[in-house]
Every structure is written in C-alpha cells, then in structure tokens.
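Each value in this text was obtained by applying a stated rule to the coordinates, not by laboratory testing. In this text, all values refer to a predicted model and were calculated from it rather than measured experimentally. All Cβ positions, even for glycine, are placed from backbone atoms using ideal geometry, and neighbour counts span all protein chains on display.
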Amino acid sequence: MWGVVLRVIALSLALAAPASAFHSSIKPVPASVRSEMKRHGFYHSNCPVKFSQLRVLTVTTRGFDHRSHTGQLVVNAAAAPGLAKVFHKLYLLHFPIRHMQLVQMYGSNSAIPKDNDVTGSFDCRQAVPSPCVGGNGTGSWSMHAFGLAVDVNPQENPYVGCGQSRAPGTRPYFNRSRHRPGMVTKRVISAFGSIGWGWGGSWAGNTKDYMHFSSTGH
C-alpha cells in the first residue's frame, strides 16, 4: 500500500514540477559547423571577423508548443554573454521562438523549414540597401556579418515598407496592433535594450524591420 501511495505522491510532484530550467553555454564554432557555413555561403575569406571571434551560443527557449527546447546561434564572442542574459529574460517571459537550430540556418535547402521562420544571427553579407533608395549594395557590412545582430521570428516580425516581406505567411503580421504569439513586445525590446541593443521596429519612417535587433540598432 505504501508503495502505491509513494508512487502517487511522486506522480503528483512530477506533474506540479516547473518547466525545465534555463541553461546556456558559449563554445567555439566546431569544425563541422564551420564547414557548413562556408559551403552554403555564410562565411568566406573576406568576412570582417574570423571564426576565432565567433561563438556558438546555446540557450533554452520556449516553443510555440509551450515546451522547452534547445536553441543555438552563431554570434560574436564579445556579445555572447550578454545575449545569453537576453535569452534568459525571453525564456522567463515565455516568449516563443519558432526555429533556432544551426542546421536550419546554415544547412542545405532541405533543412530549412518551409515557413522560413528561423531566428538567426551571423551571416557574412553586406547591409541590404533600402529599396526606397535603390542600388545593388551599400558597400558596408551588415551587423549580421559581425555576429552583432539577431533576427527573431521573421514570419511574426516581418520587414515592412519599401521592399517589404513578400512571403504570404507574414501578411497577417503587418498589422502590429493585434498581438499574437511570437510577435516582438515591449518586454522583448527591453530585454535586448538591457545590453544596449536597438530594434529595427523603431526606425524612423514607414520602413520597419520588426525582426531585427543589433548592437547599433541598424
């Protein structure tokens, strides 16, 4: 009888137990990931940072399924500790992140989710010129090329204005007055702001990059 009682108590405690605790780690970019990044054009010899200046940040995230998951980003080594704190804040806020796996960012086309809703950071590319102005390039590096920018849930937080997102799945999120899960909130902005990062949704004018956070705000 006592065995049954103890099992019932154990089951009750398990059901009442809180969700998995937040964990984070910061490690060098492994050779296998470096190879994939080079193969798929995310890193090349002209990049403004070396692999030695980048780190893999691993954090616990909340999913849209309300469960805890493990997410990873390649970020600048100097920014990694601060970003770990930011993602801890997002975890405590129960802010859901759709996809945040390195293979989904740097792998083959078959590994990219169909919704393209991947939260990512490092991408060695130029800053994209505003379609309002035109041109093929800006001649300057994107903050993503330094690992000093993060795009959060691109589907729920689209780029709007000149050159706005064309993916059909982003259209319902152009209207920012109706909040839905995964959309950036004031608390999310505050979390990134706690390490001095700015938000693309606060840009002047009609063009906004709601997914984008960076060390410079651009």
Options S194, C162, Q53, ranked by Cα towards positive dipole end of segment 22-214, top entry (Cβ charges):
S194
Per DSSP H run of at least 4 residues, take -39500 (n - 2.57); add these up for the chain, divide by its residues and hand me the 222 nm value, nearest 500 deg cm²/dmol.
-6500 deg cm²/dmol
On C-alpha positions alone, give me the angle between the axis of helix 2-16 and the longest principal axis of the chain, in degrees, nearest 10.
20
Ranked output for segments 78-84, 110-116, 142-148 by mean other Cβ atoms within 10 Å, highest leading, reads 142-148, 78-84, 110-116
Students often check this: by mean Cβ neighbours within 10 Å, which of 47-53, 212-218 ranks highest, and how do the rest follow?
212-218, 47-53
Relative exposure of M105, M183, judged by other C-beta atoms within 10 Å (fewest first)
M183, M105
Taking the Cα centre of segment 22-214 as the origin, how large is its charge dipole in debye, to the nearest 20, when only Lys and Arg (+1) and Asp and Glu (-1) carry charge on their Cβ atoms?
260
Using 1/(1 + (r/R0)^6) with R0 = 25 angstrom and r between the beta carbons of A204 and F174, what's the FRET efficiency to the nearest 0.05?
0.85
Taking 24 Å as the cut-off for C-alpha to C-alpha distance, list the pairs among K27/K50; K38/K114; K27/K89; K114/K186 that go past it.
K114/K186
